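Heads up, the thing below is written out as structure tokens.
The values are calculated or read from the model by the stated rules, or taken from the named source; none is laboratory data. Remember, predicted model here, so these are calculated numbers, not experimental data. No Cβ is skipped: glycine too gets one built from the backbone with ideal geometry, and neighbour counts run over all protein chains shown. Ligands, DNA and RNA are excluded from the accessible area calculation, which covers all protein heavy atoms including side chains. Shrake-Rupley method; radii C 1.70, N 1.55, O 1.52, S 1.80 Å.
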Amino acid sequence: MARVLRIGGAQLGPIQKADSRQAVVARMLALLDQAKEAGCDLVVYPELALTTFFPRWYAEDIAEMDDYFEREMPNDAVKPLFDRAKDYGMGFCLGYAELVEEGGETHRFNTCILVDRDGKIAGKYRKVHLPGHADYDTSLRWQHLEKRYFEPGDLGFPVWRSMDANLGMCICNDRRWPETYRVMGLQEVEVVMLGYNTPVENQHTPDEAPALRMFHNQMSMQAGAYQNGTWVVGVAKCGVEDGHDLMAGSVIVSPDGEIVAEAKTREDELIVADCDLDKCTLNKTTIFNFAAHRRPEHYRMIIERTGSEPPAAE
Ligand code: CDT
């Protein structure tokens with residue numbers, strides 16, 4: 001019998017600084033209702049889905065940004081989402097800024113969780129590849145201070161057996177790194193869920209066309225899907241957020257690397273695809289049969305070296 005998960009990608013339009021979590025959750029519930037109507041088993045929401053993308057602003061004292069963080073999950077604002085998804089028997093993946101106090105220390109992560117059909121948190125992932133910078137950069141027209149407000153994730157790239165599938169998560173910039181998918185591929189991941197907040201403009205090369213930016217976005221996910229024989233669900237927060245334009249283009253990518261569903265708008269929008277998990281088998285057992293074809297003895301440099309170095313001079 002085919003193993004099919006009907007997955008919804010719940011793209012969100014912009015969330016302004018002034019928007020309350022309750023207002024955002026109301027929008028997320030509306031998308032959840034659409035997903036129920038469409039018969040979805042699982043819904044994926046974007047990165048930092050509950051607030052504006054606050055790392056675009058600088059605060060001398062990082063604690064000034066703590067209002068953007070969640071200290072418990074679910075909290076009062078998010079509980080309606082947990083409750084309704086459980087009523088519907090649907091799982092979901094949610095990105096948010098996480099603040100934890102441990103051993104008298106405060107830690108902040110860019111996090112997403114997998115909530116199963118019973119409303120239980122089945123998995124947690126903390127963003128590993130944090131883009132941007134830690135200090136105010138006067139050369140930039142806007143800041144990207146993820147390295148200031150978040151620590152790199154400390155949980156690796158786990159894959160969970162949940163909802164009768166092998167499910168993995170990553171967040172935004174992680175999608176551009178082949179290592180992200182390969183570590184999950186080695187755990188036989190069948191669906192990689194991710195959300196993103198990506199500026200339409202690359203301020204380091206303003207000549208880069210938005211179409212090229214979108215190509216890089218989708219190519220990364222398509223390559224990750226194909227090379228690891230997995231579905232990839234990539235969901236944007238998009239549109240003009242507090243004056244900053246974020247790309248849309250949410251997609252569901254098959255294990256062949258083909259886009260099977262794609263958002264048409266730059267607003268709240270649900271995309272849906274039937275993800276046949278058995279479609280992962282062909283790549284996993286033939287061209288990307290890791291056990292048969294990988295040569296890890298030649299890959300040592302990948303874990304021993306971080307930055308690139310040229311070959312020694314003759
Ligand atoms: N949120 C996030 O990771 N965005 C990055 C763009 C960073 S530009 C400094 C991305 O890879 O889409």
The correct count of residues that are in a loop (DSSP other than H, G, I, E, B) and within 16 Å of the ligand (Cβ to nearest atom) in the range 21-58 is 11
When the range 199-231 is checked residue by residue, the ones that are among the aliphatic types (A, V, I, L, M), within 15 Å of the ligand (Cβ to nearest atom) and surrounded by 23 or more Cβ atoms within 10 Å (Cβ to Cβ) are M221
Matching residues in the range 129-168 (within 14 Å of the ligand (Cβ to nearest atom) and touching a strand residue (DSSP E or B) at 6+ places or on another chain (Cβ under 9 Å)) number 9
Answer yes or no: is there a residue in the range 250-261 that is assigned to a strand (DSSP E or B), more than 16 Å from the ligand (Cβ to nearest atom) and open to solvent by 30 Å² or more (accessible area, probe 1.4 Å).
yes
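Where residues in the range 185-198 are open to solvent by 30 Å² or more (accessible area, probe 1.4 Å) and either of a type in the set (V, I, T) or in contact with a helix residue (DSSP H, G or I) (Cβ under 9 Å, 6 or more places away or on another chain) (or both), which of them is farthest from the ligand (Cβ to nearest atom)? Full working, then the answer.
Residues of the range 185-198 that are open to solvent by 30 Å² or more (accessible area, probe 1.4 Å), as a first pass: 186-188.
Remaining after also requiring either of a type in the set (V, I, T) or in contact with a helix residue (DSSP H, G or I) (Cβ under 9 Å, 6 or more places away or on another chain) (or both): 186, 188.
Working: L186: 23, E188: 26 Å.
Among residues in the range 185-198 that are open to solvent by 30 Å² or more (accessible area, probe 1.4 Å) and either of a type in the set (V, I, T) or in contact with a helix residue (DSSP H, G or I) (Cβ under 9 Å, 6 or more places away or on another chain) (or both), the one farthest from the ligand (Cβ to nearest atom) is E188.
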Within the range 244-273, residues being free of Cβ contacts under 8 Å to residues at least 40 places away in the same chain and among the hydrophobic types (A, V, I, L, M, F, W, C) number 2
Pairing a residue in the range 178-198 that is more than 17 Å from T285 (Cβ to Cβ) with any residue that is acidic (D, E) and within 15 Å of the ligand (Cβ to nearest atom), where Cβ atoms lie under 7 Å and the two sit 6 or more apart in sequence or on different chains, gives T180/D174; L194/D174; G195/E47; Y196/E47; N197/E47
Selection from the range 200-219 of residues free of Cβ contacts under 8 Å to residues at least 40 places away in the same chain, assigned to a loop (DSSP other than H, G, I, E, B) and of a type in the set (A, V, I, L, M, F, W, C) yields A209
Residue pairs qualifying under the 7 Å Cβ cut-off, at least six apart or on distinct chains, with the first in the range 38-51 being farther than 15 Å from I252 by Cα and the second being within 16 Å of the ligand (Cβ to nearest atom) and in a loop (DSSP other than H, G, I, E, B), are E47/N197; L48/N197; T51/I15
### Message
When you check A35 against the structure, is it among the aliphatic types (A, V, I, L, M), crowded, with 24+ Cβ neighbours inside 10 Å and under 20 Å from N173 (Cβ atoms), yes or no?
### Response
no
Practice problem: Test R176 against the stated conditions and say whether it is surrounded by 18 or more Cβ atoms within 10 Å (Cβ to Cβ) and within 12 Å of the ligand (Cβ to nearest atom). | Solution: yes
